[in-house]
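Down below is the structure, laid out as structure tokens.
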Amino acid sequence: MVTLTIDGIKVQAPKDATVLEAARKAGIRIPTLCFLKGVNEIGACRMCVVEVKGAKSLQTACVLPVSDGMEVITNSAAVRESRKVTLELLLSDHNLECPTCIRNLNCELQKLSEELGVQAIRYPGEKSKAQYDDFSPSIVRDTSKCILCRRCVSTCHKVQGVGVISPNYRGFNTVIAPVYDMSLSEVSCVNCGQCIMACPVGALKEKDDTDKVWKALADPEKYVIVQTAPAIRVSLGEEFGGELGTIVTKKLPAALRRLGFDKVFDTDFSADLTILEEGSEFLDRLQNGGKLPLITSCSPGWIKFCEHYYPEFLDNLSTCKSPQQMFGALVKTYYAEKMGIDPSKIFSVSIMPCTAKKYECKRPEMFSSGYQDVDVALTTRELSRMLKEAGINPNKLPDEEFDEPLGISTGAGAIFGATGGVMEAALRTVYEIVTKKELKNIDFTEVRGVEGVKEATIDIEGIKVNIAVAHGLSNARAVLDRVKNGEANYHFIEIMACPGGCVGGGGQPILSADERWEADYREERAKAIYEVDRNMPLRKSHENPAVKALYKEFLGEPLGEKSHELLHTHYTK
Ligand code: HC1
Ligand code: SF4
């Protein structure tokens, strides 16, 4: 520990701490803009400047190590003026369409202007040349709002191991863009949306599909069906003032019915179905010498990453479509048939924590019902905007149930939303299929938690199954490289593109850098997901009565002919 003074207060801090960390711990707020804890710590924006006794110039607190006896002043006139000038210079080259910006009232630049008392921009001048790129099915870039903080760049490179956006040109002409100023749709972007989650302003956003849904809802000819992903039930409430991980499972049907959807179903149903198909596929490969390790395939960002960067693993991917797509294929076949609805009249919407789902539902493999199986995938944020526009606050609504039969699910379906959840759900079912005995302790805690890579060996009555779970694509890289180099021998791997799994998806409510510092949103939402699971009467996918009925009435058996036609696919590149 070292002792320093900050604004005249004696503060103790670990010797590897920065001045920013020491100050925050002592309750002294130093503003930041480019700083994103653990991701982007580069001292570039100079918003966190402080005076240090003995230093000739102002120092950036986010990269300045503490030292014994150091004397720091965080709010002198020189410091305040420097921060203000920096901010005004940023604003002078910023598109100031704040009231019509997607990040209005949730913008770190706007908030800082207010905090620092900026009431005029003293340095108006030339604006740099901006790029607007909306060719990607998932992500829109608008560099007229970019402040060059590089939080998206670090996230794409370091967290996701993708690295398709970087600074191009120099000085005033600098722009954050793909190489040669190409569109994101022309480079190997995986549509994960993690760059959006890191962006403090409105320079990155999801492709907005809400108009298509409003139009379908207003069309009397359309039968509009919606499915809600596992992770939405622990995140949507945050958009309406709820705490991190507020559980809104039963508010979702209430809110979506009030928006006008004809049926409100649950992706957790098809997550259960996925487990039956994928669990059977795993056992088939294990017992009949099939390609191992089997790797999960429900995260479309991960699938695209595999196609671009690790094509040698394509045959390892489970042939199961994601729960979103299984659901879509069944709604326009099984459900339409059962209810006597013309499938051409069904408009199928999904609410996903994910921007890559927008891309997934347009993939050519995803038309197996004879139509586009899922017509529109909306993010949590888009749903929240629709609800706000309609004056609906889900947190204030009474509890309601999902519609039957595609709204019936188990706790195993719910945990898909957190890293390790697909693996845990699969193990609960595989164990009972293999042993024909009841699994007493169904909590596989070894695969829970936010550690980047989790490994375990599970003993299924003498069969030792080596498993790995990775979330965030740079962690996926680490696991795949170990397999490639013969350093690891896994039978089953779960990979989710987003840090934390879907709870941390690129379509989820956006937290500021300060909020991300204060709490681990992935942990809080995952905790809520496991609570949802704990409170479900059924917690194993193979016990889902609606899934059982689906096999009896329509599919026959897992991996049967109908399943192959509708629920499985192959990825090739
Ligand atoms: Fe996910 Fe999945 S868990 S991929 O993270 O397998 O998006 O929540 O819906 O499809 O079920 C996302 C979440 C989601 C699918 C399921
Ligand atoms: Fe990178 Fe993902 Fe953003 Fe694409 S969507 S630029 S891969 S962070």
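Yes/no per residue for (1) within 11 Å of ligand 1 (Cβ to nearest atom); (2) surrounded by 24 or more Cβ atoms within 10 Å (Cβ to Cβ):
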{"position": "Met326", "(1), (2)": "yes, yes"}
{"position": "Pro343", "(1), (2)": "no, no"}
{"position": "Ser348", "(1), (2)": "no, yes"}
{"position": "Ile351", "(1), (2)": "yes, yes"}
{"position": "Lys357", "(1), (2)": "yes, yes"}
{"position": "Gly370", "(1), (2)": "no, no"}
{"position": "Leu383", "(1), (2)": "no, yes"}
{"position": "Met386", "(1), (2)": "no, no"}
*Can you give me the number of residues within region 293-324 that are more than 16 Å from ligand 2 (Cβ to nearest atom), part of a helix (DSSP H, G or I) and closer than 22 Å to Gly420 by Cβ?*
4
*Can you run down the residue pairs with Cβ atoms below 6 Å, 6 or more apart or on separate chains, where the first is in region 55-84 and more than 20 Å from Leu36 (Cβ to Cβ) and in contact (Cβ under 8 Å) with a residue 12 or more places away in the chain and the partner is assigned to a helix (DSSP H, G or I) and hydroxyl-bearing (Ser, Thr, Tyr)?*
Leu58/Ser82
*Being surrounded by fewer than 22 Cβ atoms within 10 Å (Cβ to Cβ) and within 15 Å of ligand 1 (Cβ to nearest atom), is that true of even one residue in region 253-273?*
no
_If a residue must be out of contact with any helix residue (DSSP H, G or I) (no Cβ under 7 Å at 6 or more places or on another chain), over 19 Å from Glu278 (Cα atoms) and buried (at least 17 other Cβ atoms within 10 Å of the Cβ), how many such residues does region 405-445 contain?_
0
*Would you check if there is a residue in region 519-528 being over 30 Å from Glu21 (Cα atoms) and among the charged types (D, E, K, R)?*
no
*Among the residues of region 543-558, write down those that are touching a residue at least 24 places away in the same chain (Cβ under 8 Å) and either out of contact with any Leu (no Cβ under 9 Å at 6 or more places or on another chain) or assigned to a strand (DSSP E or B) (or both).*
Glu543, Ala549, Glu553
*Hey, Ala177 small (Gly, Ala, Ser) and within 16 Å of ligand 1 (Cβ to nearest atom) or not*: no
*Output the residues belonging to region 478-514 that are within 23 Å of Lys357 (Cα to Cα) and of a type in the set (Val, Ile, Thr).*
Ile493, Ile495, Val503, Ile510
*asked:* Of the residues Asp459, Asp520, Asp533, only one is within 16 Å of ligand 1 (Cβ to nearest atom), in the same structural domain as Thr379 (by TED's automatic domain parsing) and charged (D, E, K, R); which?
replied: Asp533
*Evaluate region 101-113: report whether one residue or more is within 24 Å of Gly171 (Cα to Cα), charged (D, E, K, R) and at pLDDT 95 or above.*
yes
*Of all residues in region 291-313, which are touching a Cys at 6+ places or on another chain (Cβ under 7 Å) and either under 13 Å from Leu480 (Cα atoms) or away from ligand 1 (no atom under 14 Å from the Cβ) (or both)?*
Phe313
*Taking Ile121, is it at pLDDT below 95, among the β-branched types (Val, Ile, Thr) and surrounded by 15 or more Cβ atoms within 10 Å (Cβ to Cβ)?*
yes
*Looking at Cys152, Cys107, which is the one that is closer than 24 Å to Leu378 by Cα, buried (at least 20 other Cβ atoms within 10 Å of the Cβ), within 23 Å of the chain's Cα centre (by Cα) and more than 16 Å from ligand 2 (Cβ to nearest atom)?*
Cys107
*Condition broken by Ser474, with the remaining ones in (1) of a type in the set (S, T, N, Q); (2) within 16 Å of ligand 2 (Cβ to nearest atom); (3) closer than 21 Å to Arg285 by Cα satisfied*: (3)
*For Ala329, state whether it is of a type in the set (A, V, I, L, M), touching an Asp or Glu at 6+ places or on another chain (Cβ under 9 Å), modelled with pLDDT of 95 or more and assigned to a helix (DSSP H, G or I).*
yes
*Boolean, Arg448 is in contact with a helix residue (DSSP H, G or I) (Cβ under 6 Å, 6 or more places away or on another chain) and of a type in the set (Lys, Arg)*: no
*Please verify whether region 27-35 includes one or more residues that are aliphatic (A, V, I, L, M) and in contact with a helix residue (DSSP H, G or I) (Cβ under 6 Å, 6 or more places away or on another chain).*
yes
*asked:* Among the residues in region 502-520, are any modelled with pLDDT of 95 or more, more than 30 Å from Gly38 (Cα to Cα) and not acidic (Asp, Glu)?
replied: no
*Of the residues that sit in region 185-233 and are within 16 Å of ligand 2 (Cβ to nearest atom) and polar (S, T, N, Q), which one is nearest to Leu33 (Cα to Cα)?*
Gln194
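The values are calculated or read from the model by the stated rules, or taken from the named source; none is laboratory data. Keep in mind it's a predicted model, so treat the numbers as computed, not measured. We place every Cβ from the backbone using ideal geometry, glycine too, and count neighbours over all the protein chains shown.
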